[in-house]
Structures are given as C-alpha cells and as structure tokens.
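Single-structure report; data block below.
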Amino acid sequence: MENKLMNEIFHDYVFDFYRRMKINQINLIYEGEVTHQITKAFTALTEESMAKDAEPNGLQMKVFHIIVESLQNISKHAQNINGFKEETRGIGTFLIAKSETDYFIIAGNLVDTEDRIAMTELLETINKLDKDGLKALHQEQMKKGKLSERGGAGLGFIDIARKSGRPLAYNFKPITDQTSFFILTTQIPRSKVE
Amino acid sequence: MNSIKLEGKEDTPRIILDPANDIFEISGRSLPEDAALFYEPILEWLRRYSETAKTEISFHFKLNYFNTASSKLLLDLLMILEEMANNGTKVFIKWFYDEEDEDMLEAGEEYAELVEVPFELVTY
C-alpha cells in the first residue's frame, strides 16, 4: 500500500517535471557536481543540437562559450559553506532553454554572504559598462596577473557579458544569514539584433 | 632542440613546435581541465627555445575556441614571443579566424594590442 503511494508521488513528480520543462522550453537540466566530464558532455550535446538546427557558426560559438564559462563559474567558485552538512564544493544547477528567439543559459550555486558582496560589486561594475568599457576592463584584467589558485582568470563574468551583448541578469536568493543561492541567466539572441 | 607534437582533442588544441621544419602552430579548441598545467610544458619549451638567438620565427594561431582560463596562458605565450622580438628575433604572428566568427577576430585584435609584435589577422 505504502509503496503504491510512493510510486504515485514519483510518477506525478516526473510528469509535472516533464510538463514544466516543455512549457518553459527547457532543453537540458542538471543538478549536481560540475566536473570536466560534465562540461564536455553538455557542450557536445548542445553542439549536436545546434548543428541539427543549422544555427550560424557565430551563434554556435557564442552559446558554446557561455556554457563553458557558466559551468566553470560553478566548478571553480561553488565553495563549501560553513554549517552546511552536505558537500557543496563544485555543486550547482544548470539549465539550457531555447525559445523561438533566444537561447538561455542559467547557472546557479551556493555562495556565502562574504562572496556575495564582492560579486555584486563586480556584476554591477560590468553592467554599467558599454561595449568599449567592457573591452577595456577585459584588457586590464588580462594584463593584471596570473590565474588564481582555483584556475580562474577573473574574466568569466566580463566575457559572458561581452559575448551575450546584454547586461548580466543575476539574483541572490537567501537561504540562511550566511548563504544565498546565486543565479545567473544569460540570454543570447538567435538572430542578430543590433 | 626536440620538437613538440600534441594531437588535438575535444578539449585541448593540436600543438606543433618544430624548429627543424620551421612549424610553430596551435590549432583547434582549448578548454583543458587545468589550463595552467596543460600549457606549462609548452611555455617552458618556448622559453628554452628563446634562450639561444634566432633570426626569425613565424607562429600560427588557428584556434576556433578557447576559454578564459586558456586566454590568459595564450597571452603568456605571446609575451615570450614579444620578449624574443625585443631581443632581436623577427617575430611574425598569424592569427587565423573563421570569417563568420567575429569574436575570434576581435580576440586576435585584442591580443595584437596587448603585445608589441607584428600581428597578421587572416581568415580561413
């Protein structure tokens, strides 16, 4: 009796999940550790599907680029959070959605409050800059120094903003006083709008 | 000096550093799991190669994709070439890009601004 009920709950969940994915035009959804293997698998899948849709080369490269940088943000920056029982390092949520007009790359991971302040500052700086300003910031960051211990170049957000040609749409959803769930959505137009 | 020949993979570029045949080329895509670790032997080879005076070197970049971590190490590579130019070697850089790929053209233009070496941008 109990088993039958559990099965029903799971079946309803899967059906609901399926319908929500279709309604929101989500092509891919992932929650878990972002490893190099995962990055390779997701980029390969997306490449295949974009080639099938005969998307222009330039757009394919942009989407590829933003997927890699978004996943690397998770794998390099999702840290272990104090007071969390579970392992959270390198863990995140990742989605790819496609509408008639745009691709959407969405990445989420836990951050602690301390990081949140510095991140907001950087994201706001980037969002205030125009094309030339972003280029200047990119060049400055390139000249500045070495890769960090985590292997980041400090260029990820700047690069995503430049490649997408739009401000970075982000959100911090509070979980506890110490932690938030950081979400970054990148929208890439399928046809060129200048 | 021995040559370096690395076959390209789905996440690492094809690299040929072959002084005997005068071929210096990096091509394909670059998003290694650990960019610093991957590029270190390449940079080290080029540093050692630059220690003895060379008349000229022509270095070809034919990348169709590289991530931001790799971009930093490509600059390190270009800076070794710049150093060679400062020490009297004639350095030529050829940066190849797909004509549909404006971002790769722009990347080439930006590298050309960061280092003082003759930089030629070529479509393929």
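Remarks
- Matching residues, region B:43-84, being among the hydroxyl-bearing types (Ser, Thr, Tyr), free of Cβ contacts under 8 Å to residues at least 12 places away in the same chain and surrounded by fewer than 16 Cβ atoms within 10 Å (Cβ to Cβ): B:52
- Leading residue by the ranking (least open to solvent (accessible area, probe 1.4 Å)) among those in region B:86-108 that are in a strand (DSSP E or B) and out of contact with any helix residue (DSSP H, G or I) (no Cβ under 8 Å at 6 or more places or on another chain): B:96
- Evaluation of residue B:112 against the conditions (1) in contact with a Phe, Trp or Tyr (Cβ under 7 Å, 6 or more places away or on another chain); (2) in contact (Cβ under 8 Å) with a residue 24 or more places away in the chain shows that the sole unmet condition is (2).
- Long-range neighbours under 7 Å by Cβ, at least six apart or interchain, first residue more than 9 Å from chain B (Cβ to nearest Cβ) and aromatic (Phe, Trp, Tyr) within region A:27-43, second surrounded by fewer than 17 Cβ atoms within 10 Å (Cβ to Cβ) and in a helix (DSSP H, G or I): none
- Scanning region B:99-124 for residues that are among the β-branched types (Val, Ile, Thr) and under 17 Å from residue B:81 (Cα atoms) yields B:115, B:117.
- Residues that are more than 25 Å from residue B:107 (Cα to Cα), surrounded by 14 or more Cβ atoms within 10 Å (Cβ to Cβ) and of a type in the set (S, T, N, Q) do occur in region A:102-109.
Residues are listed down the side, and each one gets a yes or a no for (1) under 21 Å from residue A:138 (Cα atoms); (2) in a helix (DSSP H, G or I); (3) modelled with pLDDT of 95 or more:
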{"position": "B:40", "(1), (2), (3)": "no, yes, yes"}
{"position": "B:44", "(1), (2), (3)": "no, yes, yes"}
{"position": "B:64", "(1), (2), (3)": "yes, no, no"}
{"position": "B:69", "(1), (2), (3)": "yes, yes, no"}
{"position": "B:110", "(1), (2), (3)": "yes, yes, yes"}
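- Within region A:168-182, residues that are among the charged types (D, E, K, R) sit with their Cβ atoms under 9 Å from residues that are in a strand (DSSP E or B) and open to solvent by 50 Å² or more (accessible area, probe 1.4 Å), at 6+ positions apart or across chains, in these pairs: A:173/A:181.
- Those residues of region A:116-146 which are among the small types (Gly, Ala, Ser) and either part of a helix (DSSP H, G or I) or surrounded by 16 or more Cβ atoms within 10 Å (Cβ to Cβ) (or both), in sequence order: A:118, A:133, A:136
- Tally, over region B:23-37, of residues that are open to solvent by 20 Å² or more (accessible area, probe 1.4 Å) and either within 14 Å of chain A (Cβ to nearest Cβ) or touching a helix residue (DSSP H, G or I) at 6+ places or on another chain (Cβ under 7 Å) (or both): 6
- Filter result for residue A:43 (crowded, with 18+ Cβ neighbours inside 10 Å and closer than 27 Å to residue A:161 by Cα): yes
- None of A:73, A:27 is out of contact with any Cys (no Cβ under 9 Å at 6 or more places or on another chain), part of a strand (DSSP E or B) and at pLDDT below 95 except A:27.
- Boolean, residue B:30 is modelled with pLDDT of 95 or more, in contact with an Asp or Glu (Cβ under 9 Å, 6 or more places away or on another chain) and small (Gly, Ala, Ser): yes
- Some residue of region B:46-68 being touching a helix residue (DSSP H, G or I) at 6+ places or on another chain (Cβ under 6 Å) and within 14 Å of chain A (Cβ to nearest Cβ): yes
The values are calculated or read from the model by the stated rules, or taken from the named source; none is laboratory data. Please read all numbers here as calculations on a predicted model, not as lab measurements. Every residue, glycine among them, receives a Cβ derived from its backbone with ideal geometry; neighbour counts consider all protein chains shown. Heads up: the accessible areas ignore ligands, DNA and RNA and are worked out on the full protein's heavy atoms, side chains in. Shrake-Rupley method; radii C 1.70, N 1.55, O 1.52, S 1.80 Å.
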